[in-house]
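Asks: Structure below; questions to follow.
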Amino acid sequence: MARRSTSIDLRELALSTGHRVERVLDVDIAPIVFGGLSYQVVVGAQGVRVTVDRVSGGFLVHLSFDASVYGPCFRCLNEASLAVQAKQEEFVPLHPEEWGPGDVSPFVDDLVVDVEALAREALILALPGKILCSDGCPGVCPSCGREAHEGPCEGAVDETDPRWACLRNLDLPPEDTSSLKTDGE
């Protein structure tokens, strides 16, 4: 992995077990695609705070930051913005070769932590299931496409499933309920 300004080489920290170091990095997170929609990300003015603790057998990397996410609402496609508080924690073994491939963080290569990639992952994990312009966004009318919060649509909406439409013409005799027994009889 090429060393970038948004990376931290844990060897260079020269930490002894029980010691800690903190860094604040200016990290730009590229736009994310979430649910098929593209969102811009702006990391807060405080930057990405990274705390590294030297523990027995490796390092514990804590990452936290605030960000704003901008893009389309999942329901109505109007502009939505969302404040996100992201946190992530990774254990980095001192000797990763002694661990299985699935046990070592994909954001660490040769004791170099890719803070930008880790921050991106933390942000995605902190997002809600749907990004909305408002909590109660009703979306759009499925027949005319008008925004539902503007009121009911003008046209009549037939909500019958087309697969059941042929049953509208079915003429059944009224049901005779006199022969049915009830619990009291």
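The values are calculated or read from the model by the stated rules, or taken from the named source; none is laboratory data. A quick note: this is a predicted structure, and the numbers were derived from the prediction, not measured. Here the Cβ positions follow ideal geometry from the backbone for every residue, glycine too, while neighbour counts run over all protein chains shown.
Asks: Take the residues in the range 101-140 that are out of contact with any helix residue (DSSP H, G or I) (no Cβ under 9 Å at 6 or more places or on another chain), loosely packed, with under 12 Cβ neighbours inside 10 Å and free of Cβ contacts under 8 Å to residues at least 40 places away in the same chain; name whichever of them is farthest from Val27 (Cα to Cα).
Replies: Only one residue tops the list, namely Asp135.
Asks: Among the residues of the range 1-29 satisfying the criterion of being within 23 Å of Val41 (Cα to Cα) and of a type in the set (Gly, Ala, Ser), which is modelled with the highest pLDDT?
Replies: Selected residue: Ser7.
Asks: Exactly one of (1) small (Gly, Ala, Ser); (2) at pLDDT 80 or above; (3) in contact with a Pro (Cβ under 9 Å, 6 or more places away or on another chain) is unmet by Ala148. Its number?
Replies: Exception for Ala148: condition (2).
Asks: Let me ask something else. In the range 54-100, which residue that is touching a Pro at 6+ places or on another chain (Cβ under 9 Å) and among the charged types (D, E, K, R) is surrounded by the fewest Cβ atoms within 10 Å (Cβ to Cβ)?
Replies: Glu79
Asks: Could you please find all residues in the range 29-42 being in a loop (DSSP other than H, G, I, E, B) and either surrounded by 11 or more Cβ atoms within 10 Å (Cβ to Cβ) or of a type in the set (A, V, I, L, M) (or both)?
Replies: Scanning the range 29-42 gives Ile29, Ala30, Pro31, Gly35.
Asks: Another question about this same structure. Identify all residues within the range 37-83 that are among the polar types (S, T, N, Q) and more than 30 Å from Ala148 (Cβ to Cβ); write none if there are none.
Replies: Scanning the range 37-83 gives Gln46, Thr51, Ser56, Ser64.
Asks: Taking the options Arg120, Arg168, name whichever one is over 26 Å from Leu37 (Cα atoms) and either of a type outside the set (D, E, K, R) or not in a loop (DSSP other than H, G, I, E, B) (or both).
Replies: So the residue among Arg120, Arg168 that is over 26 Å from Leu37 (Cα atoms) and either of a type outside the set (D, E, K, R) or not in a loop (DSSP other than H, G, I, E, B) (or both) is Arg168.
Asks: Only one of Gly35, Gly47 is in contact (Cβ under 8 Å) with a residue 12 or more places away in the chain, closer than 21 Å to Val108 by Cβ and small (Gly, Ala, Ser). Can you tell me which?
Replies: Residue meeting the stated conditions: Gly47.
Asks: Now for a different question. Which residues, taken from the range 123-136, are touching a strand residue (DSSP E or B) at 6+ places or on another chain (Cβ under 6 Å) and in a helix (DSSP H, G or I)?
Replies: Of everything in the range 123-136, those that are touching a strand residue (DSSP E or B) at 6+ places or on another chain (Cβ under 6 Å) and in a helix (DSSP H, G or I) turn out to be Leu123, Ala126.
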